[in-house]
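So the structure is just underneath, and the comments pick up after that.
All of the numbers you see were taken from the coordinates with simple rules; none came from a lab. Not measured: the values here are computed from a predicted model. In this analysis, Cβ positions are derived from the backbone assuming ideal geometry, glycine residues included, and neighbour counts consider all displayed protein chains.
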Amino acid sequence: MALKALLFDHDGTLVDSEMVHFAMWRTTIAAYGGDLTEAVYIDHCVGVPTPQTAEAMVALLKLPVEPAVLAAQKNAATRASLAREPFPLMPDTRAMLDLGRARGLKMAVVTGANGDGIRRTISGYGLESFFDEAISADDVARSKPHPDCYLLAMERLGVKPEECFAFEDTHAGVSAAANAGLRCVAIRNVYSAKHDLSRAVHVAGTLGEAVTWALAA
């Protein structure tokens, strides 16, 4: 069946945001006497939605705060950061979006985080003409690794799973795409080096490699 749509994860796929998130989490946690190391962040936080990350950090670091309060504070830090500037784009993001648009494909951002980041990315870099839909955790009852966000994206785009490729960089993201019946191309990076990406149909090293492979498949 002909390819009709490309569905992109946001953090770690379209934008290089993990170190920004790490710094914000570290500062938020430090206020309660916790020391979040990069190794712990990579092992427990990458690809995990904010509420679940907060729960994990409170339990692991024995923080004297309710997870919901910690999550709200991290979200506030994210909004403040995005008010100053959007997350940096991955080096080949704009070229791959140009390629998808030139092929006449529908495109959507599908994130397991709330919508603040993707709205800021789209407006901050003038990407409105590229994306037909932007789906976030705000739009669904269950975030990744559940398939809800991808199912909603396909419903709004009017496409079937076999007419799409999804692009993800984490175990939770690949699982969400696969659970929605999608072919997912994974992008392995330093933050997801230990993640199980076995449900992806292909594993690439960059977004450019991932999209190029999908368009040739």
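Could you give the nm distance between label points at Ser129 and Asp35, where each point is 7 Å from its Cα heading toward the beta carbon?
Here the answer is 5.1 nm between the modelled labels.
State, as an integer percentage, the relative contact order of segment 18-84 based on alpha-carbon contacts under 8 Å between residues 6 or more apart.
35 percent
Any of Lys4/Lys74; Lys160/Lys194; Lys74/Lys144; Lys106/Lys194; Lys4/Lys194 with alpha carbons more than 27 Å apart? Name them for me.
Lys4/Lys74; Lys160/Lys194; Lys106/Lys194; Lys4/Lys194
Sorting check: for 71-78, 83-90, which peptide has the highest mean count of neighbouring beta carbons within 10 Å, and how do the rest follow?
Listed from highest to lowest mean packing, they are 71-78, 83-90.
Calculate, axis by axis, the spread of Cα positions in segment 121-169 along the three principal axes, and write the results as whole Å, longest axis first.
Cα spread of segment 121-169 along its principal axes, largest to smallest: 29, 24, 22 Å.
Normalised by the number of residues in the chain, what is the relative contact order in percent for Cα pairs under 8 Å and 6+ residues apart?
Relative contact order for the chain comes out at 24 percent.
Select from segment 169-216 those trypsin sites (Lys or Arg not before Pro) which occupy a DSSP coil region and have at most 12 other Cβ atoms within 10 Å, ordered by residue number.
Lys194
Tell me which residues come under 5 Å, amide H to amide H, from Val110 once H is placed; ignore anything under 5 positions away on its chain.
Phe8, Asp9, His10, Ile135
Please state, as a whole number in µm²/s, the translational diffusion coefficient that the Stokes-Einstein equation yields for segment 69-197 at 20 °C and 1.002 mPa s, with Rh defined as the Kirkwood radius across alpha carbon pairs.
In µm²/s, the coefficient is 138.
Using the Kirkwood radius over Cα pairs, work out the Stokes-Einstein diffusion coefficient for segment 18-84 at 10 °C and 1.306 mPa s, in µm²/s as a whole number.
It comes out at roughly 136 µm²/s.
Could you please tell me the mean projected area of the C-alpha convex hull for segment 1-142, averaged over all directions and given in square nanometres to one decimal?
Directional mean of the projected Cα hull area for segment 1-142 stands at 9.4 nm².
Please give the net charge around Leu63, taking every other residue with its beta carbon less than 11 angstrom from that of Leu63, where Lys and Arg add +1 and Asp and Glu add -1.
Result for the local shell: -2.
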